[in-house]
1. Which condition number does Y125 fail, the rest of (1) assigned to a strand (DSSP E or B); (2) buried (at least 18 other Cβ atoms within 10 Å of the Cβ); (3) in contact with an Asp or Glu (Cβ under 7 Å, 6 or more places away or on another chain) being met?
2. In the set I99, I73, which member is of a type in the set (V, I, T) and assigned to a strand (DSSP E or B)?
3. For the condition among the acidic types (D, E) and touching a residue at least 24 places away in the same chain (Cβ under 8 Å), what is the one hit in E30, E4?
4. Could you check, for segment 121-138, whether at least one of its residues is of a type in the set (D, E) and under 30 Å from N304 (Cα atoms)?
5. For F250, all conditions in the list (1) in contact with an Asp or Glu (Cβ under 8 Å, 6 or more places away or on another chain); (2) modelled with pLDDT under 75; (3) part of a loop (DSSP other than H, G, I, E, B) hold save one; what is the number of the exception?
6. Taking the conditions exactly as written (within 15 Å of the chain's Cα centre (by Cα), part of a helix (DSSP H, G or I), on the phi < 0 side of the Ramachandran plot and not charged (D, E, K, R)), does I302 satisfy them or not?
7. Give the residue that is nearest to M70 (Cα to Cα), with candidates limited to residues of segment 153-177 that are surrounded by fewer than 22 Cβ atoms within 10 Å (Cβ to Cβ) and in contact (Cβ under 8 Å) with a residue 40 or more places away in the chain.
8. Answer yes or no: is there a residue in segment 8-16 that is under 15 Å from the mean Cα position of the chain (by Cα), outside any loop (DSSP other than H, G, I, E, B) and under 13 Å from T372 (Cα atoms).
Amino acid sequence: MLLEFSCSNHKSIREEIVFSALAGKDTAHEEKLNTFGTLKVLKSAIIYGANGSGKSNFVSAVEFMKKLVMDSINHQPGQGIAQKPHKLSGYEADSKFSIQFVTDNVRYAYGFVLNKMLVTEEYLYYFPNNRQVKIFERQNDLFTTGSKFKGRLSNCKNVLKSNRLLLSCAANFSSVSEIEKAFRFFVDDLVIYSTNNQPDWMHYSCQQINTIPRMKNTVLAFMRSLGIGIKDIVVTINKKALQESEIPPFLSDEFKKNLLESTIDEIRAKLVYDDFETDLIKEESTGIQKLFAFLCPLIDIIINGKVLICDELEANLHESIIYNLVKLFVDLETNSFPQIFFTTHDTSILSLDLFRRDQIWFTELSKEGRSTNLYSLAEIKNVRKDENVGKGYISGRYGAIPMLNIDFANIVSEM
């Protein structure tokens with residue numbers, strides 16, 4: 001589970017922002033929280049804000065951290081890290097990223113600092129028996145380890161570079177189980193779905209439905225619960241040889257030859273209704289296609305207790321579907337603890353009947369420095385427990401809303 005994430009100097013985020021999944025003092029919906037030791041942890045949260053206020057950049061920051069952990073081991077000498085600093089701070093200012101999470105029932109704290117496209121600081125701690133234990137600390141290209149890990153990262157000295165994270169190096173060149181668990185949290189348990197990173201979930205969903213009857217039945221049951229009158233889903237997967245006409249002409253002859261000698265999965269999916277059938281890919285709406293692709297990964301996230309961070313969940317989906325997807329997370333009782341955090345413009349779900357005040361977050365650009373601020377409804381005073389927060393948000397009571405009090409008639413008259 002995710003406990004906290006913070007960052008600074010990333011895109012529109014100039015000063016440090018902190019997102020916390022730890023429950024505050026609010027007593028609403030306490031039965032829907034998870035406990036970890038003495039901590040109470042949120043299962044979900046939503047983030048609202050004006051276009052351009054930094055909602056997507058919050059997701060981008062988490063995604064940037066995940067990708068750098070996974071991929072920096074492959075960086076070549078002289079290659080800088082693709083740091084994305086705030087325009088007014090630049091590469092010379094520190095970009096800081098830190099995260100606290102739980103994996104295998106143990107809390108970890110990890111973070112790093114970038115400057116001029118290189119790593120200048122990095123650390124990893126874990127908390128067995130709720131006591132902080134140092135795994136490693138790094139300054140530039142030098143690092144020290146905690147006493148328990150002394151000498152166990154010696155293989156990393158020759159592969160660690162200023163453009164590589166030690167966590168990435170150690171996960172590949174050491175056999176420290178605590179480091180491997182922390183690394184695999186980023187690889188397996190932290191799932192990002194954004195406009196810039198849309199994994200091939202359609203292919204995955206078709207594979208799952210074709211091979212796992214329980215998955216197929218679950219998807220059908222959920223679609224029917226939404227009033228989508230699908231009677232059956234028929235998926236066929238065959239191996240297909242590529243034709244030369246299907247290969248882009250700009251590829252090298254050698255690469256074309258390799259492709260022509262290989263096979264790919266040819267997937268077809270039919271949705272069966274009472275009186276007709278449709279081809280999922282060719283005939284169904286974009287919304288049905290997204291829902292179909294989304295459900296199997298979502299079920300996997302729920303079953304295995306993963307963390308989903310999603311940018312604009314409502315894109316191409318009806319508000320009633322969004323409501324039911326969110327309610328599924330909120331109401332679900334399971335031995336695992338899945339979490340979903342997502343940005344949205346959909347105010348139909350902005351309700352204290354569904355969310356606690358500490359689950360509702362906002363982004364807003366500061367007037368000075370054009371920097372993203374991130375804050376929760378719990379930080380705003382005098383919000384009543386029975387307040388219509390959707391109406392309050394639209395009216396600008398909590399900030400994070402653009403174009404209030406604009407005199408359109410005057411603007412048009414001056415055109």
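The values are calculated or read from the model by the stated rules, or taken from the named source; none is laboratory data. Remember, it's a predicted structure, so these values are computed and weren't measured experimentally. Virtual Cβ from ideal backbone geometry, glycine too; neighbours counted across all protein chains shown.
1. (3)
2. From the options I99, I73, the qualifying one is I99.
3. Answer to the selection: E4.
4. Applying the first criterion (of a type in the set (D, E)) to segment 121-138 yields 121-122, 137.
When the remaining residues are screened for being under 30 Å from N304 (Cα atoms), the result is 122.
The answer is yes, given that some residue of segment 121-138 is of a type in the set (D, E) and under 30 Å from N304 (Cα atoms).
5. (1)
6. Considered against the rule, which asks whether it is within 15 Å of the chain's Cα centre (by Cα), part of a helix (DSSP H, G or I), on the phi < 0 side of the Ramachandran plot and not charged (D, E, K, R), I302 comes out as yes.
7. N172
8. Checked segment 8-16: no residue is under 15 Å from the mean Cα position of the chain (by Cα), outside any loop (DSSP other than H, G, I, E, B) and under 13 Å from T372 (Cα atoms).
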